[in-house]
Every structure is written in C-alpha cells, then in structure tokens.
Amino acid sequence: MAFEVKGKLDEVTASISVLKLPLVTALQKEVDDRRNERNKHNMIVENKKEELGKCQNERASRANEHGIIATELTKLGADIAADEKAANEELAKIPPPTRKFIFPMPNTLQDLYRERFEANIQPQRQRHEHLGAKKRTASDMLQSVEQVCTTRQEEVEQAENEMRVIEEGVKKAYMRKEFVAMMERHLEDHKAFLLRFEGDDWEKQFDKRGGKM
C-alpha cells in the first residue's frame, strides 16, 4: 500500500509540473498592474469629462449671448419697419405743391419730411447694422464652440470604451490568479489526502483520529 501511495504522490507532483501553472505572486503582480492601469485611465476619463463640461458651459454662454443679440436685432428691425411705415403714411397725407414758381423750389414738403425722417432714424439703422455684424460674429463663435464640444464628446466616449477594455483586463487577471490559486489548493488537498494513507500504520492513525480526514 505504501508503494501505491508513493506512486500516486508522484503522479500528483508530476501533474503539477505538467500544468506549468504560473506563480500566484506573478499573477498578483499582473492584477496590480492592471488595476494601476485602470486608475491612471480613470484619471484620463475624468479629465476628458471635465474638459467636456467646460466646453458645454461655454457653449451655453455663447448660445445665451447669441440669443440676446438675435432678440435685440429682431426687435430693432421691427421698430425701424414700423417707423418707416408710419413715415410713409404721413408723407401720403402731405399735399403736393399747388403753385408754380419762376425758380424751382429746391425741396418740397415731402422732401423735407423725408430728409428729417432719415436723419432721425439714421442712428437706429447704424445700430441695426452693428447688431447684424455682432450676431454674425456670435454665430461663428457658437459654431466653433459646438465643434469643439463635439470633439470633446467623442474623446470622452473613446476613453470610456477604452476603460471598458481595461476593466475586462482587470477581470481576466483576477480570474487567472484565482484559477491558479484554486488549482494549487486542489493539488495540495489531493497530496494531503494521499499522505494520510502513507506508511504501514495509516489505519492506526485513522483509528486514533476517529476516522476524521
């Protein structure tokens, strides 16, 4: 019986060599490396999200500024149109000249009214032109920020996709370590089991322990 147990022990020892299992300590280092990689990449993801947040805040500010300018421009345009309509209605009420002069009059009443109206409304027209240019600039800036935000969003999504791959790497490293540890425990338990039957007095040893393994 002793010979048979020794043979079984040799088989177990040989099976350990054949499996060529890596050391648990080496696998633990792999786990630590993968976790460190995850921690570093998590900082990259957070930085990307922070940059995206800043860009989104700037976009909201630009959009608000653009909206204010557009509203003011629309209102001013409507006011100018209303003033022009009112002026044309007043011009229609002014009767044409009824007398003919030897020398032509340089300006009729209609001409004088139109000149006075144009002089009075000129600041509004200039303001309208200024706002139009300001709105175009605001539109260009808003579009530029939106393009940057799109790029930042794509960078965040790419970083998060990379994080998922890294997470899988962490999980696989844990699984390899735990699998090898399990196999080592199994083989050690197998050896310990066989050693209980080693020697000629194995039955007496069992009787002393009350048959407990």
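The values are calculated or read from the model by the stated rules, or taken from the named source; none is laboratory data. Keep in mind the model is a prediction, meaning the values are calculated, not measured. Positions of Cβ are generated from backbone atoms using ideal geometry, with glycine treated the same way; all protein chains shown enter the neighbour counts.
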* Among the residues of segment 93-126, count how many are modelled with pLDDT of 65 or more and either part of a helix (DSSP H, G or I) or surrounded by 10 or more Cβ atoms within 10 Å (Cβ to Cβ) (or both). => 22
* Asked: Taking GLN158 and the conditions (1) over 27 Å from LEU27 (Cβ atoms); (2) at pLDDT below 80; (3) not aromatic (Phe, Trp, Tyr), which numbered condition does it fall short on, given that it satisfies the others?
  -> (2)
* To do: From the list ALA78, ALA60, pick out the single residue that is among the small types (Gly, Ala, Ser), within 22 Å of the chain's Cα centre (by Cα) and either in a helix (DSSP H, G or I) or farther than 17 Å from HIS128 by Cβ (or both).
  => ALA60
* Asked: If you check ALA173, ALA133, ALA138, which single one turns out to be more than 17 Å from LYS48 (Cα to Cα), assigned to a helix (DSSP H, G or I) and modelled with pLDDT under 95?
  -> ALA173
* To do: Assess whether GLN147 counts as being touching a helix residue (DSSP H, G or I) at 6+ places or on another chain (Cβ under 6 Å) and either among the polar types (S, T, N, Q) or modelled with pLDDT under 95 (or both).
  => no
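So that you can scan it fast, the table gives a plain yes or no per residue for (1) under 30 Å from LYS85 (Cβ atoms); (2) in contact (Cβ under 8 Å) with a residue 12 or more places away in the chain; (3) exposed (fewer than 12 other Cβ atoms within 10 Å of the Cβ):
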{"site": "HIS128", "(1), (2), (3)": "yes, yes, no"}
{"site": "ARG136", "(1), (2), (3)": "yes, no, yes"}
{"site": "VAL148", "(1), (2), (3)": "no, yes, no"}
{"site": "GLN153", "(1), (2), (3)": "no, yes, no"}
{"site": "VAL165", "(1), (2), (3)": "no, no, yes"}
{"site": "LYS191", "(1), (2), (3)": "no, yes, no"}
{"site": "GLU198", "(1), (2), (3)": "no, yes, no"}
{"site": "ASP201", "(1), (2), (3)": "no, no, yes"}
